[in-house]
Amino acid sequence: MTLAGLSLAYLRDRALNTALNVLLLTLGVATMVILVLFSAQLGERFERDARGIDLVVGAKGSPLQLILSSIYQVDVPTGNIPLSTVETLRSDPTVGAVIPLAQGDSFRGFRIVGTEPAYVEHYGGETAQGRLWQAPSEAVMGAEVARRTGAGLGQAFVGSHGMAGDGQAHEETPFRVVGVLAPTGTVLDRLILTSVESVWDVHGIAQASGHDEAHEHEHAAPAANASIRGDHGEAEVTALLVKYRSPLAAVRLPNFINRQTELQAAAPAVETARLLSLVGVGVDAARGFALLLILTSGLSIFVALYTALRQREADMALLRVMGARPVAIFGQILLEGLLLAAAGALLGVAVGHGVVALAAGAFDQLGDLGLSAFAFEPAEAWIVAGALAMGALAALIPAARVFGVDIADTLQHAS
Amino acid sequence: MLIQVEALTHRMGGRTVLDLPAFAIDRGEHTLLLGPSGSGKTTLINILTGLRTPSAGEVLIDGRPMSRLSAAERDDLRRRTIGLVFQTLRLVSALTVRQNLSLAQHLALGRDDAAEVERLIARVGLAHRADARPRQLSQGEAQRAAIARALCARPALIVADEPTSALDDANAAAMADLLLASAESNGATLLIATHDNRLRGRFPRTLELTPPKALAA
């Protein structure tokens, strides 16, 4: 039996009190860890998906909705814009690249996006199997889509109208999987990509108009169920991702586009910052609450050690008589606080990651945002260090009492 | 000489609580320190073990000047030579009897000798109570455990303060026998401070303490 062992023995001796203190700290640390994981992973994800895209051009509506739908692929598109916009923008010397997106259909909840290979290149995507689309009706699956649907090369599937996967099926125009992308950790992983023309085919652009008429009533709420088919059957897309060639474009282009009646331009950086600042208020409030929990548990550890002190002073005197140096006893009590804090901190980290894993599994939206329970943030090390420091601090005052204990007095008055 | 005391006086709160002529105790000379309450027994024990510094006079333990050493040196001398058994405070509350002995051994000698711990537990007749917590023990059991705990440090001197006053006649006699026998078998010298007259005559030597005359003043 050593003094370190004695610390454990004291904690076991008041097991209920120890368990409650650990639980309190676990809750605080877990809340903190969950917040850190959410905000770090979402922030990083937001940043990664929007990197390199200077401007998004789409139909008039909410700029935030345009960014969410076209970059993060989470909201519904704002509407359609004429394909001719692509050429207009490409002819502008200040524009570096324009990537068209044609959205509106999905397969089992995964969006089918008509685009160009430049979209894959932009996110550094590479085919893990097969190749990129070439002919109409050929589709390439993102890594996550392939994993979750279990679809492989050669697999045929039909898209359904709308984003939720419960819309009308386009059974007459099935897709065929010709490639599967390697994981990129970006929005690409959750998409099914094909050519813009394929999406037109599905919706019968420049084909028999009967298909168009059948869809007409669905477009009463275009924002909720946007498709690439325009009211007059002309070629349209839902959004354009624009990269600038010259900084001059940032000054000129948004204004130029926003003056057009049909179009709006939104800067991902601005909208993402706005979104994060909105979410940030909630995150800050929750962080304050978590900090309060951790401080409460620190106070609780202090109270537990301090109230046990009456009995402990006698034990301290006895330990001194048994030959323990004051510094060693000081360390022994400090170790009790540290052990409590360590147990709470480690359990808290485990519970935090567990909750994130459960949440990512239970809510598809969180999984779609790329929330992972197995990524560790540097901030977590700080949380653990903070909890340990608090445990040591809570034990400091009770432990320091050992230096003031008069052995002879204490022994005489011990009962 | 194990204990050598030069004309010792101690004052607390302006009055003299101890005033002793010189005396010495040799190795193996088990001694009973007998006196009524207020005669300064506990004060003398605290001074002998270095827990108190006397107002005047000197104490040599195993040839070293306990009363003139620094606090750390006193702790060191006490750890190496003296085992203490108290009337009330006997064991560390959170540990079992066996763990108490093991900790005492570790603190005093810096090593673990499980066989020695078991031998001492058996020596005081607590083999069946080795895993009990202090609060589960009877007075007598706790006192015997405390004796075993003190022996763990292999001290040259065992100082016991009122080891029998909480016990009935039969137990008090048994405790005195146990103290003598276990001290003898471990090569330690006993110094027992008590007001318990039942112990009179059981020890080779008895020092009678009386309240200092200065009290009258």
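The values are calculated or read from the model by the stated rules, or taken from the named source; none is laboratory data. Worth saying up front: this structure is predicted, and the values here are computed from it rather than measured. Neighbour counts are summed over all protein chains in view; Cβ atoms, including those assigned to glycine, are modelled from backbone coordinates with ideal geometry. Note: accessible area is taken over every heavy atom of the protein model, side chains too, but ligands, DNA and RNA are not part of it. Shrake-Rupley method; radii C 1.70, N 1.55, O 1.52, S 1.80 Å.
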Estimated dipole of chain A in Debye, rounded to 20 [Cβ of Lys and Arg +1, of Asp and Glu -1, Cα centre]: 1840
Expressed as a whole number of Å, what is the distance separating the alpha-carbon centroids of the stretch A:269-336 and the stretch A:53-80? 46
Please give the solvent-accessible surface of B:R129 in Å², to the nearest 10, using a probe radius of 1.4 Å with every protein chain present. 60
With r as the distance between the Cβ atoms of A:L20 and B:A132 and R0 = 25 Å, compute the FRET efficiency 1/(1 + (r/R0)^6) and round to 0.05. 0.40
Losing no less than 20 Å² of accessible area (probe 1.4 Å) relative to the isolated chain, the residues of the stretch B:70-97 are B:D75, B:R78, B:R79, B:F86, B:T88, B:L89, B:V92, B:S93, B:A94, B:L95
Using 7 Å Cα-to-Cβ label points, what is the A:V270/A:A375 separation (nm, one decimal)? 2.8
Compute the Rg to Rh ratio over the protein assembly as shown from the alpha carbon atoms, using the Kirkwood formula for Rh, and round to two decimal places. 1.33
Taking θ as phi - 60°, what are the ³J(HN,Hα) couplings along the stretch B:179-186 by the Karplus curve (6.51, -1.76, 1.60), each to the nearest whole Hz, with x for Gly and Pro? 4, 4, 5, 6, 5, 4, 6, 9
Along each of the three principal axes of the Cα atoms of the stretch A:104-180, give the extent in whole Å, ordering the values from largest to smallest. 32, 25, 23
If I model a spin label at A:Y306 and A:L396 as a point 7 Å from the Cα along the Cα→Cβ vector, what separation in nanometres do I get? 1.4
Quick one: accessible surface of A:E144, probe radius 1.4 Å, all protein chains present, in square angstrom to the nearest 10. 40
Would you list A:Y119, A:Y244 from the most to the least accessible area, probe 1.4 Å? A:Y244, A:Y119
Taking the full set of protein chains and a 1.4 angstrom probe, give the accessible area of A:K243 in square angstrom, rounded to the nearest 10. 60
Here the residues of the stretch A:386-410 lying in the modelled label zone of B:A71, meaning backbone nitrogen under 19 Å from a point 7 Å along Cα-to-Cβ, are A:396-410
Simple label model, 7 Å out from Cα along Cβ direction - A:A135 to A:R12, nm: 7.4
Efficiency of FRET between B:R111 and B:Q139 - r from beta-carbon atoms, R0 45 angstrom, step 0.05: 0.90
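Ignoring any ligand, DNA or RNA, what whole percent of the accessible area of the stretch A:1-116 comes from carbon and sulfur when the probe is 1.4 angstrom? Mind dumping the intermediate values first?
Working: 2530 of 3870 Å².
Looking at the stretch A:1-116 in its full context, I get 65 percent from C and S.
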Size of the B/A contact, given as accessible area buried on both chains, probe 1.4 Å, in Å²: 2400
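Take every Cα-Cα pair in the stretch A:290-413 and report what % of them are more than 26 Å apart.
Working: 3062 of 7626 pairs.
I get 40 percent for the Cα pairs in the stretch A:290-413 exceeding 26 Å.
As an exercise, use a Förster radius of 22 Å and the Cβ-Cβ distance of A:T94 and A:E262 to find the FRET efficiency, rounded to the nearest 0.05. Provide the component values of the computation, followed by the final result.
On the way: r = 21 Å, r/R0 = 0.95.
With a Förster radius of 22 Å, E is 0.60.
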The answer for chain A, counting only DSSP H helices whose Cα atoms cover 18 angstrom or more along the axis and whose Kyte-Doolittle average is 1.6 or greater, is A:326-362
